[in-house]
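Report on the following structure.
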Amino acid sequence: MRTGFPDFRLGSVLATSFTGTLSERHGNAVERIPTPHRLIDWLAVNGLAVDSCTAAQLDLARELRESIHAAATAAAIQDELPASAVQVINDCSAEGRAAAILTPEGKRRWQLSSASCVEDALSVIAADAISIIAGERDGKLALCASPTCQAAFFDTSQSRTRKWCDMNTCGNRQKKARFNANQRKNPRAAE
């Protein structure tokens, strides 16, 4: 893993984890895949190892990321999906050569073509986005309650009432802000 870059925010849902490579969209945005090599790192961490990545492929990946974010946000608020986002997701899904394979442990894993190109990996991410946006998986799309984040995430909690895209970042930040505000209001409560 290359040093000098922000950590990846890894989740259990590939498509929404991918949209998390740009965080704090409504604050001081943090780009987690600023270079082609950093995209290679993210793909490898997520089981989609590729041999190389060009600047044009990085641009395509970012376009897919933003399209997934736009479509997932629209789905979360039950709005019409943006046609341009749907087109990018569909194009990326159709372009790749990846296959789902069954591991000896009974798990699904994606196998990219022998050339292992970025487009193959992006097709897997796009297919994952299609399955959650289309409602094929058990869970619901929601938006992070953090006013600076508002990332789309896939809520698989039993009650489907999760508020934060990531409790370790957005959730803790909001709880800390609430605690500090209460301390300022009631300074004697700390004594």
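The values are calculated or read from the model by the stated rules, or taken from the named source; none is laboratory data. Here the structure is a predicted model, which is why all the values come from computation and not from measurement. Note that each Cβ is placed from the backbone with ideal geometry, even for glycine, and that neighbours are counted across all protein chains shown. The area values use the complete protein model at the heavy-atom level, side chains included, leaving out ligands, DNA and RNA. Shrake-Rupley method; radii C 1.70, N 1.55, O 1.52, S 1.80 Å.
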Looking only at the range 58-85, how many residues end up being more than 24 Å from residue 34 (Cα to Cα), surrounded by 14 or more Cβ atoms within 10 Å (Cβ to Cβ) and either touching a Pro at 6+ places or on another chain (Cβ under 6 Å) or free of Cβ contacts under 8 Å to residues at least 60 places away in the same chain (or both)? 3
Check whether at least one residue in the range 150-160 is open to solvent by less than 70 Å² (accessible area, probe 1.4 Å), closer than 18 Å to residue 42 by Cβ and without any contact (Cβ under 8 Å) to a residue 40 or more places away in the chain, and report yes or no. no
Taking residue 112 and the conditions (1) open to solvent by less than 50 Å² (accessible area, probe 1.4 Å); (2) in contact with a Leu (Cβ under 6 Å, 6 or more places away or on another chain), which numbered condition does it fall short on, given that it satisfies the others? (2)
Taking the residues in the range 18-39 that are crowded, with 22+ Cβ neighbours inside 10 Å, touching a residue at least 60 places away in the same chain (Cβ under 8 Å) and not small (Gly, Ala, Ser) as candidates, determine which candidate is nearest to residue 117 (Cα to Cα). 39
Might you let me know whether the range 88-99 holds any residue that is in contact with a strand residue (DSSP E or B) (Cβ under 9 Å, 6 or more places away or on another chain), on the phi < 0 side of the Ramachandran plot and part of a strand (DSSP E or B)? yes
Just wondering, is there one or more residues in the range 181-191 that are under 30 Å from residue 60 (Cβ atoms) and either surrounded by fewer than 17 Cβ atoms within 10 Å (Cβ to Cβ) or modelled with pLDDT of 85 or more (or both)? no
Given the conditions (1) touching a residue at least 24 places away in the same chain (Cβ under 8 Å); (2) in contact with a strand residue (DSSP E or B) (Cβ under 8 Å, 6 or more places away or on another chain); (3) of a type in the set (S, T, N, Q), and given that residue 116 satisfies all but one, which numbered condition is not satisfied? (2)
